[in-house]
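Worksheet: one structure, shown below.
The values are calculated or read from the model by the stated rules, or taken from the named source; none is laboratory data. The shown structure was predicted, so the numbers you read here are calculated from the model rather than taken from an experiment. As a convention, Cβ positions derive from the backbone with ideal geometry for all residues, glycine included, and neighbour counts pool all protein chains shown. Ligands, DNA and RNA are stripped out before the accessible areas are found, and what is left, the full protein with its side chains, is counted by its heavy atoms. Shrake-Rupley method; radii C 1.70, N 1.55, O 1.52, S 1.80 Å.
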Amino acid sequence: MAENAGGSNAEEKGTASAMTRCYENYILVDVGANLTNKKYSRDLDSVIQRAKDAGVQKIMVTGASIRSSKEALRLTRIYPGTLYSTAGVHPHDAKSWEEPETPQELESIASNPECVAIGECGLDYNRDFSDPDTQRSVFHKQVELACRLNKPLIIHERGAQSDVLEVLSHYTNRLPSVLIHCFTGTAEEGQIYLNEGFYLGITGYLCKDKSDSGVRQLLEGGQAPLERILVETDAPFMYPNTRASKLPSRVKDALTERSMTFLHRYCTFQRNEPCALPAIVEMVAAFMQSTPEEVALATAFSALKLFGLNQ
């Protein structure tokens, strides 16, 4: 039994080494992963190591509440140079905002150098877990914080583009860079954001988007410049279901064995991981008629520059 176990371990190490070599030509940055989620509480070390093996050099851990923002910051101290954090209150949780405790705590968290952005914040009118007036008030306060600290803003928007733009219009002359997190809107909505100079975060939603006027069209039609695209897994959510029937066969054919190895071995609908990022990059490349290497390099460069991840 001992011999078999030893042989198995050696084989696994050999496979991991081979996969690592395969990914030497991909330089990847995940600008949105919810690693404070309880689904990672038992094996976060392994999750981060798999991400590195898949070529993901750096990961931004999303803060969506005071609690998760604090935890995200704590994780950056455990994994320095690999993890970076954001600090924000999600529109779903806007009703939990309390004066003066919440703004003071949020600014204290966000002022740390490891915290590289304000958000995830914004407006969500699809679910209305918090009423729209409260959402807009809390969003204003976080935009003001981003302006004051001069840190990029990460925006969650669902069914609320006109109001998001109206809020941001109050800060035109001092608004920092903006990333529209996990963009799922129409090509027309995406174009409006791009015209504002914003970045679009692309996730595994590409597999779910069945609309001819959505994210896929934005990429296929060349409307979205590669330098305005960032990639994120939104783990543990937005699993990239590469087996989806609506995913074009030419895109499926562009997916490599190396990306599928990580995706199918370690990721599920219930728990996506940052190691799924190569599959997302390969799909983006297929839709944009580019190469995965070009997409990986361009998105990583933009992320490093935008969020100052070289620190």
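Key figures
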| item | result |
| --- | --- |
| Amide H contacts of Gly122 (H built 1.01 Å from N, under 5 Å, at least 5 apart or other chain) | His156 |
| Rounded percent of accessible protein surface that carbon and sulfur make up, the chain, 1.4 Å probe | 48 |
| The chain: DSSP helices with Cα axial extent of at least 15 Å and average Kyte-Doolittle hydropathy no lower than -0.5 | 66-78, 277-288, 292-307 |
| Accessible area in square angstrom per residue, the chain, 1.4 angstrom probe | 44 |
| Cα gyration tensor shape of the range 205-311, rounded if a/c is under 1.5, else prolate or oblate by comparing a/b with b/c | oblate |
| Residue-level accessible surface for Asp133, protein heavy atoms, 1.4 Å, Å² | 100 |
| Mean Cβ neighbour count within 10 Å, used as a protection proxy, ranking 266-277, 298-309 highest first | 266-277, 298-309 |
| Label point 7 Å beyond Cα of His264 along Cβ direction - residues of the range 226-257 with amide nitrogen under 14 Å | 241-244, 252-257 |
| Residue-averaged [θ]222 nm for the chain, counting only DSSP H segments that reach four residues, each worth -39500 (n - 2.57) | -13500 deg cm²/dmol |
| Rounded, prolate or oblate (a/c below 1.5 giving rounded, otherwise prolate when a/b exceeds b/c) for the range 32-151 by Cα gyration tensor | prolate |
| The chain: projected area of the alpha-carbon convex hull, averaged over directions, in nm² | 16.2 |
| The range 31-83: radius of gyration and largest Cα-Cα distance (Dmax), Å | 10.4, 31 |
| Mean Cβ neighbour count within 10 Å, used as a protection proxy, ranking 231-239, 163-171 highest first | 231-239, 163-171 |
| Net charge contributed by nearby residues that have their C-beta within less than 13 Å of Val281 (K/R +1, D/E -1) | -4 |
| Mean Cβ neighbour count within 10 Å, used as a protection proxy, ranking 151-159, 104-112, 215-223 highest first | 151-159, 215-223, 104-112 |
